[in-house]
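Sending over a structure as structure tokens; questions will come in a sec.
The values are calculated or read from the model by the stated rules, or taken from the named source; none is laboratory data. What you see is a predicted model; the values in this text were computed from it and never measured. The protein model used for the area step is the full one, side chains on, heavy atoms only, and it has no ligands, DNA or RNA in it. Shrake-Rupley method; radii C 1.70, N 1.55, O 1.52, S 1.80 Å.
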Amino acid sequence: MSNKSLFALIGGVLLAIVAWNSIYIVYQTEKAVLLQFGKIQNPDVKPGLHFKVPLMNQVRKFDGRLLTLESPIQRILTKEKKAVMVDAYAKWRVADAEHFYTATSGIRQIADDRLSQRLITALANQFGTRTLHEVVSGERDLLMADITKSLNGMAQKELGIEVVDVRVKAIDLPKEVYRSVFDRMSSEREREAREHRAKGRELAEGIRADADRQKRVILADAYREAEEVRGDGDAKAAAIYAAAYNQDAEFYAFYRSLGAYRESFSSKSDVLVLDPSSDFFRYLQQPKP
């Protein structure tokens, strides 16, 4: 290969390298700034294909999508000076690429650390003006909106980023107060249980008393009806006996005497001391011709 060809090849390679380093692409999901000797020349490079001067210009790109900041769990005091453990996160994105670069050098970790500190401050400020009930359930949506608004104002001013949303994932009590809270809940449940048992015993006594009263009434009515039936039966039996006696008085007297003999002499040990001429032995004596 001749020297001319070699120089031409080397020149072509160098030209390709220069051309490659002169072209850059900014995607739709990115934010970018163009630097010239370390100073910002274009603070907001639009998405697309762009050219730069090698060695003179540099391009710094940042993720322009919605990012998530996971804040560490923090111990925060409410308005009543009650400590709660708060687990929160924030959604943010780069709003001003120039401001973001000058504040954080374009490093996301620096942005996350500074935003995390601002988030903790915003949580403490908002929780400090509300009671435990309000932060847990009463004003949860309003609390999130206020924290988002406060944090977004600080973040745009100091970091050039926009805070889209802040959410509290969990609000727990510190571990050292779990036992006291559990004991208080247990005592309240025991008190409620005692009240329910007392009401149950009162209702049971009322039910038993009513059942006993109904039992006595039912037994009295049954006894009255039984006596009435028994009286009616005795009356009918007496009428039947009287009618039978009137039909043949002598036979009826004889039949009654046989029954009396059977009852009197049912056992060999029975002893009966009577005058033999007594009317009791009238049907045992020699019949008259």
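What is the pair-distance distribution P(r) of region 65-171, computed from all Cα-Cα distances in 5 Å bins starting at 0, with each bin given as a whole percent?
The percentages, shortest bin first, are 2, 13, 25, 24, 15, 10, 6, 3, 0.
Across 5 Å bins from the origin, how do the percents of Cα pairs in region 55-116 run, short distances first?
It works out to 4, 15, 21, 17, 12, 10, 9, 6, 2, 1, 1, 1, 0, in whole percents.
If one computes the Cα centroid of region 37-51 and of region 78-143, what distance in Å separates the two points?
32 Å
Whenever you get a sec, compute what percent of the accessible area on region 187-246 sits on carbon and sulfur atoms (1.4 Å probe). Intermediate results must be reported in sequence, preceding the final value.
Numbers: 2990 of 5260 Å².
C and S fraction of accessible area: 57 percent.
Are any of the pairs LYS39/LYS149; LYS79/LYS157; LYS39/LYS61; LYS82/LYS175; LYS61/LYS157; LYS82/LYS169 more than 24 Å apart by Cα-Cα distance, and if so, which? Write out the running numbers ahead of the final one.
On the way: LYS39/LYS149 32 Å; LYS79/LYS157 28 Å; LYS39/LYS61 15 Å; LYS82/LYS175 13 Å; LYS61/LYS157 21 Å; LYS82/LYS169 19 Å.
Going by Cα-Cα distance, LYS39/LYS149; LYS79/LYS157 fall outside the 24 Å limit.
Related question: Averaged over all directions, how much area does the convex hull of the C-alpha atoms of region 139-259 cover when projected, in nm²? Working shown, then result.
Values: hull surface 78.6 nm².
Average projection, Cα convex hull of region 139-259: 19.7 nm².
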